[in-house]
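Trainee: The following block contains the structure, expressed as C-alpha cells.
Each reported figure results from applying straightforward, stated rules to the coordinates on display, with no laboratory input. Quick caveat, the model's predicted, so the values are computed rather than measured. Cβ atoms come from the backbone with ideal geometry, glycine included; neighbour counts cover every protein chain shown.
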Amino acid sequence: MKPRLQEKFETEIRSSMAESREGTNVHALPQLQKIVVNMGVGKAIDDKKYLEMAVSALTEITGQKPIITRARQSIAGFKLREGQAIGAKVTLRRQRMYEFLDRLVSIALPRVRDFRGISRTAFDGNGNYSLGLTEQTVFPELNPDKYLLPQGMNISFVTSAETNEDALELLQKFGMPFKAAS
C-alpha cells in the first residue's frame, strides 16, 4: 500500500505544479528524491553507549538501520582521532521517505515546544532544505524513559528542484509548516 503523501504527490501535487508550469514534462517537475537524517554524537568520543543510543533512536524513528559516520581527520582540541565513530545517519528513499515525512509534518513538528513554523531561509541555493531538531523525543515512537539524554538531529530534504522557490513550493504542498513570509 502506498503511503498517504506519496499518493498525494502523484495525484494532487504533481498535477497542480504541472498547471503552473505549462508545457513542462511531468518528469521534469520538482520532486522529493531523498531525506537524510543525521545525528552527530560528540559524547561518543568518551563513551560508546551514547552512540549506541543514537543508533537505536534513529532505527526506531526511521525504520531503517543507520550507518555509523566516522571522523575524517584528527582534531587534538576535541580529542578526536581520524576514523573514530562520531555519529549516525540514515538515507530514506521511496516509501520510507514519504512515511517519515508524513510523521514529521503531522506528528513530530507540532510537538516541538514553542513551535511557530520552520524557517524559509534554510535552503542551499540548489533546491535542498535542511532543518535541525534539538530533541529526538518529539517523535512518538521513542520512549522518553529509555532516551533520557536529549539528542538533536539534522534532517535534509533533497529535491530535484533547481531553485529554492520551486523547492519551497514543493515542500509547502507536502504540508511543511513554514513561517509566514515577512
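Trainee: Show that you can apply the helix-only estimate: for the chain, add -39,500 (n - 2.57) for every DSSP H stretch of four or more residues, divide by all residues, and state [θ] at 222 nm to the nearest 500. Mind showing how you got there, number by number?
Mentor: Values: 5 runs with 47 residues, N = 182.
Rounded to the nearest 500, the figure is -7500 deg cm²/dmol.
Trainee: Quick one: compute the contact order of region 79-182, relative version, from alpha carbon pairs under 8 angstrom and 6+ residues apart, as a percent. Before the final figure, lay out the partial values.
Mentor: Details: 99 pairs, mean separation 31.2, N = 104.
For region 79-182, the relative contact order is 30 percent.
Trainee: Pull up the cross-link candidates among the lysines for LYS65, meaning alpha carbon to alpha carbon under 19 Å and not fewer than 8 places away within one chain.
Mentor: LYS34, LYS48, LYS49, LYS89, LYS146
Trainee: Among LEU170, LEU133, ASN143, which residue has its Cα furthest toward the positive end of the charge dipole of region 112-182, with +1 on Lys/Arg Cβ and -1 on Asp/Glu Cβ?
Mentor: Of the listed residues, the answer is ASN143.
Trainee: Return the aspartates and glutamates within reach of LYS2: Cα separation strictly under 20 angstrom, same-chain partners fewer than 8 residues apart disregarded; answer none if there are no such residues.
Mentor: GLU10, GLU12, GLU99, ASP102
Trainee: Related question: Enter the Cα centre distance for the pair region 45-81 and region 152-180, rounded to the nearest angstrom.
Mentor: 27 Å
Trainee: Quick one: net charge of ARG111's neighbours, Cβ under 14 Å, K/R +1, D/E -1? Walk me through the numbers on the way to the answer.
Mentor: Numbers: positive: ARG103, ARG113, ARG116; negative: ASP114, GLU135, GLU141.
In short, 0.
Trainee: A further question follows. Straight-line reach from LYS79: which aspartates and glutamates have a Cα under 14 Å away, not including same-chain ones fewer than 8 places off?
Mentor: List returned: ASP46, ASP47.
Trainee: For LYS49 paired with ARG94, estimate the spin-label separation in nm (one decimal), with each label point 7 Å from Cα along the Cα-to-Cβ line.
Mentor: For LYS49 paired with ARG94, the spin-label model returns 3.8 nm.
Trainee: I want the local charge near GLU10. Using Cβ-Cβ distances under 13 Å, sum +1 for each Lys or Arg and -1 for each Asp or Glu among the other residues.
Mentor: +4
Trainee: Follow-up. Relative contact order (percent) for the chain, with alpha-carbon contacts under 8 angstrom and 6 or more residues of separation? All intermediate terms of the calculation are to be shown ahead of the outcome.
Mentor: Working: 292 pairs, mean separation 51.6, N = 182.
About 28 percent, as a whole number.
Trainee: Still on this structure, please answer the following. Sorted by packing (mean other beta-carbon atoms within 10 Å per residue), highest first, where do 164-174, 130-140 land? Kindly include the intermediate steps, with their values, before the conclusion.
Mentor: Details: 164-174: 18.5, 130-140: 16.9.
My ranking of the peptides, most packed first, is 164-174, 130-140.
Trainee: Then there is this: Springs between alpha-carbon atoms under 10 Å, Gaussian network over the chain: tell me which of GLY42, GLY83, GLY152 tops the mean-square fluctuations.
Mentor: In this elastic network of the chain, the residue with the biggest mean-square fluctuation among GLY42, GLY83, GLY152 is GLY83.
Trainee: With only Lys, Arg, Asp and Glu charged, each at its Cβ (+1 for the first two, -1 for the last two), find how big the charge dipole of the chain is about the Cα centre; round to the nearest 20 debye. Mind dumping the intermediate values first?
Mentor: Working: 26 positive and 21 negative charges, 115 e Å.
It comes to approximately 560 debye.
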